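Encoded as structure tokens, the structure appears first; notes follow it.
The values are calculated or read from the model by the stated rules, or taken from the named source; none is laboratory data. These figures come from a predicted structure and were not determined experimentally. Here the Cβ positions follow ideal geometry from the backbone for every residue, glycine too, while neighbour counts run over all protein chains shown.
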Amino acid sequence: MKRQLRALAAAAALLLGSSLVAVAFGGSASADTLICEQYGSTVIQSRYVVQNNRWGTTAQQCINVTGSGFEITTQNGSSPTNGAPTAYPSVFLGCHYTNCSPGTNLPIQVSQISSATSSISYRYVSGATYNASYDIWLDPSPKRDGVNQMEIMIWLNRQGSIQPIGSVVGTTTLAGRTWEVWRGSNGSNNVISYVAPSAISSLNFSVLDFINDTRNRGAITNSWYLTSIQAGFEPWQGGAGLAVTSFSASVNGGGNPTTPPPTTPPPGNAACAVKYTANSWNNGFTADVQITNTGSSPINGWTLTYSLPSGQQVTNAWNATVSQSGSAVTARNTGHNGSVAPGGTASFGYQGTLSGSYSSPTSFSLNGATCSRN
């Protein structure tokens, strides 16, 4: 979706010296700073970086940086609404393409985060096509450069015929609000987007709640690293006058890995049934797994264990936290599918690599009880 070409483009822009009005690289902005350079940035409050980040257009964009945020003063770019935006002017804490905010403790492993909070205020305009987007970036490694593998987007406002990457997978309640959840990939990284049903001009919230929800969907694990948190706008057409009027963020360490939720074993033996549907090709496969509660009592939290045949390795999963040690696979429910009523089902899936001929696992156990096969 965005940012994958910025490192090369930034170098080219510096060589060309395009449209530089005023720009500070490092230090703190003591007075308003006008940035028109494509990837120009400056520091505010000796803590946060504000970046112009005009990555998707050659047309001029300028931002006026204040002591508490920034305003887009010029935005001449225009992009089709079925494609990528023109830019992502934003303020951030952490590291973005080797540009790290002063004194940051990011990247930090998710398991070590005890709290992560943020407060943001926006000023909107009419007649433009844009979103007000809060970005949370994560990667399996403590990455300070290049594209991270996981992008969490929080859309606080959406104007015009634009939509997030992927498709709708449901709704959730976070930060005291209901969000529409989208999931997909832009070809460079995976994206989960939380879209507000109506415009939100300010929000004080736990960033960690969104990270945990993403983890519970199987998109990351506690071993991943939070690399940056960012707030800004993605304009497609117009956008002059849009502003982040205030921004603050804090990430504290000292946390512990999340303990899996307690499980209730299915009553009796074979009180569960598993349907395993696979699709394989030369060097890979996908599997959809459906668990049915065939007992008379509800299941409140589940762990499914089984062994994959030789040559199969899980690489990516959804709707469950899936781990593999040797041939042994353990799949745990996420936050939204842990309760299974009698006769009800829970489903998850994953993708894997394949060496040799394909075959499916033959036996499954749910919370220690052997399941029948559907």
If you go through the range 72-91 one residue at a time, do you hit one that is under 12 Å from ILE229 (Cβ atoms) and of a type in the set (A, V, I, L, M, F, W, C)?
yes
Screening ILE200, ILE152, ILE192, ILE165 for residues that are in a loop (DSSP other than H, G, I, E, B) and within 14 Å of the chain's Cα centre (by Cα) leaves only ILE165
Those residues of the range 101-125 that are touching a strand residue (DSSP E or B) at 6+ places or on another chain (Cβ under 8 Å) and either assigned to a loop (DSSP other than H, G, I, E, B) or not assigned by TED's automatic domain parsing to the domain that holds SER161 (or both) come to a total of 9
Might you check whether a residue that is over 24 Å from the mean Cα position of the chain (by Cα), of a type in the set (D, E, K, R) and surrounded by fewer than 21 Cβ atoms within 10 Å (Cβ to Cβ) occurs anywhere in the range 67-82?
yes
Do we have any residue at all in the range 305-313 that's closer than 30 Å to THR104 by Cβ, modelled with pLDDT of 90 or more, surrounded by fewer than 19 Cβ atoms within 10 Å (Cβ to Cβ) and of a type in the set (Val, Ile, Thr)?
no
Would you kindly identify the strands (runs of 3 or more DSSP E) lying entirely within the range 279-374 that contain at least 2 residues that are under 30 Å from the mean Cα position of the chain (by Cα)?
284-293, 303-307, 312-318, 320-325, 328-333, 345-354
Of (1) surrounded by 15 or more Cβ atoms within 10 Å (Cβ to Cβ); (2) touching a Lys or Arg at 6+ places or on another chain (Cβ under 9 Å); (3) modelled with pLDDT of 85 or more; (4) within 19 Å of GLN351 (Cα to Cα), TRP302 satisfies all except one. Which?
(4)
Would you mind stating whether GLY184 is assigned by TED's automatic domain parsing to the domain that holds PRO80, under 27 Å from PRO142 (Cα atoms), at pLDDT below 95 and part of a loop (DSSP other than H, G, I, E, B)?
no
